[in-house]
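Visitor: I'd like to ask you about the structure that follows.
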Amino acid sequence: MQTQTKKCQNCKAAFAIEPRDFEFYASMDVPPPTFCPPCRLQRRLAWRNERALYQRPCALCGKTVVALQHPESKLTTYCNSCWWSDGWNALEYGRDYDFSRPFFEQFRDLMHQVPEQSLFVMYATLVNSEYNNMNHYLKNCYLLFNSDYAEDCMYGTEVEHSKECVDVTMVDECELTYQSVNCFRCYQTYFSVDCLNCTTVWFSKNCSSCSDCFGCVNLKNKQYYIFNKPFTKEEYHKKLKEFNVGSYVAFQKAQQQAREYWLKFPFKYMHGTINENVSGDYIHHSKNVHDSFIVVEAHNCRYCMWLIVKNNKNCYDYTQFGEDAENMYESAVCGKGTNTVIGGYRVLGCHSIRYSMHCYDTNDLFGCIGVRKQKYCILNKQYTKEEYNALVPKIIQHMKDMPFRDEHGRVHTYGDYFPIALSPYAYNESTAIQFFPLTKEEALAAGYSWKDDGGQNKIITLPTSDLPDAIADATDGLEKEIIGCSHGGSCNHQCTRAFKITAQELSFYKKNQLPLPRLCPNCRHYERVQLKNGLALWQRKCNCSGNMSVRGTYKNVATHAHGSAPCKNEFQTTFRPEQKEIVYCEACYQKEVE
């Protein structure tokens, strides 16, 4: 088929459906989407609660646990020990399909009955790591999200195979790393971004195989550099003491100085290595992957995000997890050998699944919740293979003939993800608030729910203004205090208004001579993700004008193929046109940095 231009029924923006898209939709036997790619992502993220945590009792054993579900939520919550036990059976909630009502309404009713996990974790793979979400294989970790194979880590997202890391985002094989983003195989790396194989690096960006560097950018195989200038070992350590970053005031000054310095150097139009025919950002070892972000080892995928566990193929509109997943469409938080899924959420080790959630090691499910090690189930009722195969086509046709319409008239039919209006989480509890920020008024006007945090009732025993400036002055009794977040709930960052510093955390700050934080963990997370590029792609020209960058901010150190004439290369990039960064095509960037 030829490329077709459609109008999104949600935001009214035009979007294109290309021949390769039609081929995928035909292979999955779904109609083309009527929501644009960003609105489809927003819809999936609105069902994903990562960071809004509460305390409520387990409905089975009565134990008070940390949970994703607010105490006032209609959902039934089991602690993870009970949920994974044999003390209940999801098939007991089975019901007949009702052809007089839209499918999504029936699914919502089932969702309010079947017990849900208090946290989404692989229960048996956590050791002393109760306060984490969307993880497996953690040991001694606290408030990690979307992370795996980590030990002694705190306050991080997308943390993989790492140890003793605090307040980090997108790190892999790192140790003793703090307040850093998109770093790989780094040790003692602080306040840094996009670094690889670095040791004892401070406030640096895009450095590779460097050690003992401060405020540096685009360096490779360097040691004892400060703001890209070489020093002797003795001079370097003397100068480092002068920066005195154990002081919060001195740290803020150094951070601002470093970030202003970074802007004087060119950056490659995208983050990626060893790729073939890809578009998006933070893509590695992939082929034929487009309009995707934070993806490792994927093939033939589009509109995907957070596929940080390797080997995923033939997926569209697929958000988070991965690991040998194939033929996935409009799904989130699924993986571990899962394949052929439409409308899956928290589905692991499954095959041939439609519109199901919290299901594990199952085959042939439609509209199921919490089913494990079963097959041929519809709305949690089990059928024979013949009955199942006869009923599913009728349900699919019914979804097309009687789609769900929300209060704004948006139509959700077969092939669409679950409507935001039916999400069990308020919009500001979900991950959607991070990537598609809305005010309370905007969310309610769009037909989404909102949860007021009630943080004003928290008793603060120590305002951030009373925290010691120098880490050397921090006392051991600090972990008993309830500290007021500097944002005080005035931001749109899921601010908790107050936070505590654990004994393990305080020990980390003292050991590494780091200043105490002034923001709650959620606000620190939102501050860090500002150092990552966004999810929109922009068509731009290379900023190399010949011998220097456009506007003359940076002077080239090498001769480029285009000589003194401006580079003519164009590309899609997540660097917005109004951003201050100097953005080079890959050829120009390689000349300057390699």
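The values are calculated or read from the model by the stated rules, or taken from the named source; none is laboratory data. Note that the structure is predicted; figures quoted are calculated from it, not measured. Using ideal geometry, Cβ is built from the backbone for each residue, glycine included, and neighbour counts are taken over all protein chains shown.
Visitor: Report, by residue number, each residue of segment 9-35 that is among the aliphatic types (A, V, I, L, M) and under 16 Å from Asp416 (Cα atoms).
Guide: Within segment 9-35, the first condition is being among the aliphatic types (A, V, I, L, M), and the residues that meet it are 13-14, 16-17, 26, 28, 30.
Result: Ile17, Ala26, Met28, Val30.
Visitor: Being touching a helix residue (DSSP H, G or I) at 6+ places or on another chain (Cβ under 9 Å) and surrounded by fewer than 18 Cβ atoms within 10 Å (Cβ to Cβ): is that true of Phe435 here? Before you say what the answer is, go through the steps one by one.
Guide: Numbers: touching a helix residue (DSSP H, G or I) at 6+ places or on another chain (Cβ under 9 Å): yes; surrounded by fewer than 18 Cβ atoms within 10 Å (Cβ to Cβ): yes.
Yes.
Visitor: Something else now. Considering only segment 254-284, state which residues are surrounded by fewer than 18 Cβ atoms within 10 Å (Cβ to Cβ), part of a loop (DSSP other than H, G, I, E, B) and of a type outside the set (Val, Ile, Thr).
Guide: Leu263, Lys264 - these are the residues of segment 254-284 that are surrounded by fewer than 18 Cβ atoms within 10 Å (Cβ to Cβ), part of a loop (DSSP other than H, G, I, E, B) and of a type outside the set (Val, Ile, Thr).
Visitor: Being in a loop (DSSP other than H, G, I, E, B), under 18 Å from Thr64 (Cα atoms) and among the aliphatic types (A, V, I, L, M) is the filter here, so list the residues in segment 113-157 that pass it. Even if it seems obvious, please write down each step before you answer.
Guide: Looking only at segment 113-157, we keep the residues that are in a loop (DSSP other than H, G, I, E, B), and these are 113-115, 118-120, 122, 128-132, 140-141, 152-153.
Subset that is under 18 Å from Thr64 (Cα atoms): 115, 118-120, 128-132.
Passing the criteria: only Leu119.
Visitor: Right, next: Take segment 452-497 and flag every residue that is basic (Lys, Arg) and crowded, with 18+ Cβ neighbours inside 10 Å.
Guide: First, pick out the residues of segment 452-497 that are basic (Lys, Arg): 458, 480, 497.
If the condition is that a residue be basic (Lys, Arg) and crowded, with 18+ Cβ neighbours inside 10 Å, then Arg497 is the only one that fits.
Visitor: Quick check: is even one residue across segment 181-195 surrounded by fewer than 17 Cβ atoms within 10 Å (Cβ to Cβ) and either part of a strand (DSSP E or B) or not assigned by TED's automatic domain parsing to the domain that holds Glu260 (or both)? First the steps, then the outcome.
Guide: Start the filter on segment 181-195 by keeping residues that are surrounded by fewer than 17 Cβ atoms within 10 Å (Cβ to Cβ), which leaves none.
So far as segment 181-195 goes, no, none of its residues is surrounded by fewer than 17 Cβ atoms within 10 Å (Cβ to Cβ) and either part of a strand (DSSP E or B) or not assigned by TED's automatic domain parsing to the domain that holds Glu260 (or both).
Visitor: I'd like the full set of residues that are of a type outside the set (D, E, K, R) and either loosely packed, with under 12 Cβ neighbours inside 10 Å or in contact (Cβ under 8 Å) with a residue 60 or more places away in the chain (or both), limited to segment 383-396.
Guide: Scanning segment 383-396 gives Thr384, Ala390, Leu391, Pro393, Ile395.
Yes/no matrix, rows are residues, columns are (1) farther than 30 Å from Asn389 by Cα; (2) assigned by TED's automatic domain parsing to the domain that holds Tyr149; (3) at pLDDT below 95:
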position: Ser279; (1), (2), (3): yes, no, no
position: Lys287; (1), (2), (3): yes, no, no
position: Asp291; (1), (2), (3): yes, no, no
position: Asn312; (1), (2), (3): no, no, no
position: Gly337; (1), (2), (3): no, no, yes
position: Arg346; (1), (2), (3): no, no, yes
position: Ser352; (1), (2), (3): no, no, no
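For every residue, the table says whether it meets (1) in contact with a Pro (Cβ under 6 Å, 6 or more places away or on another chain); (2) surrounded by fewer than 19 Cβ atoms within 10 Å (Cβ to Cβ); (3) not in a helix (DSSP H, G or I).
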position: Phe15; (1), (2), (3): no, yes, yes
position: Tyr25; (1), (2), (3): yes, yes, no
position: Pro31; (1), (2), (3): no, yes, yes
position: Pro71; (1), (2), (3): no, yes, yes
position: Cys82; (1), (2), (3): no, no, no
position: Arg95; (1), (2), (3): no, yes, yes
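Visitor: Restricting the search to segment 219-240, which residues are in a loop (DSSP other than H, G, I, E, B) and within 15 Å of Thr199 (Cα to Cα)?
Guide: Initially, segment 219-240 is screened for residues in a loop (DSSP other than H, G, I, E, B), giving 219, 221-222, 227-228, 231-232.
Correct list: Leu219, Asn221, Lys222.
Visitor: With respect to Val249, determine if the residue is surrounded by 22 or more Cβ atoms within 10 Å (Cβ to Cβ) and either assigned to a helix (DSSP H, G or I) or touching a residue at least 12 places away in the same chain (Cβ under 8 Å) (or both). Don't jump to the end; show me each part of the working.
Guide: Values: surrounded by 22 or more Cβ atoms within 10 Å (Cβ to Cβ): no; either assigned to a helix (DSSP H, G or I) or touching a residue at least 12 places away in the same chain (Cβ under 8 Å) (or both): yes.
Taking the combined requirement at face value, the residue does not satisfy it.
Visitor: May I ask you to say which residue of Thr461, Thr413 is closer than 30 Å to Val245 by Cβ and either modelled with pLDDT of 95 or more or not acidic (Asp, Glu) (or both)?
Guide: On the way: Thr413 fails: closer than 30 Å to Val245 by Cβ.
After applying the criteria, what remains is Thr461.
Visitor: Right, another one. Quick test of your reading of the structure: Thr496 fulfils all but one of (1) part of a loop (DSSP other than H, G, I, E, B); (2) hydroxyl-bearing (Ser, Thr, Tyr); (3) within 23 Å of Lys253 (Cβ to Cβ). Name the failing condition by number.
Guide: Tallying (1) part of a loop (DSSP other than H, G, I, E, B); (2) hydroxyl-bearing (Ser, Thr, Tyr); (3) within 23 Å of Lys253 (Cβ to Cβ), Thr496 fails exactly one: (3).
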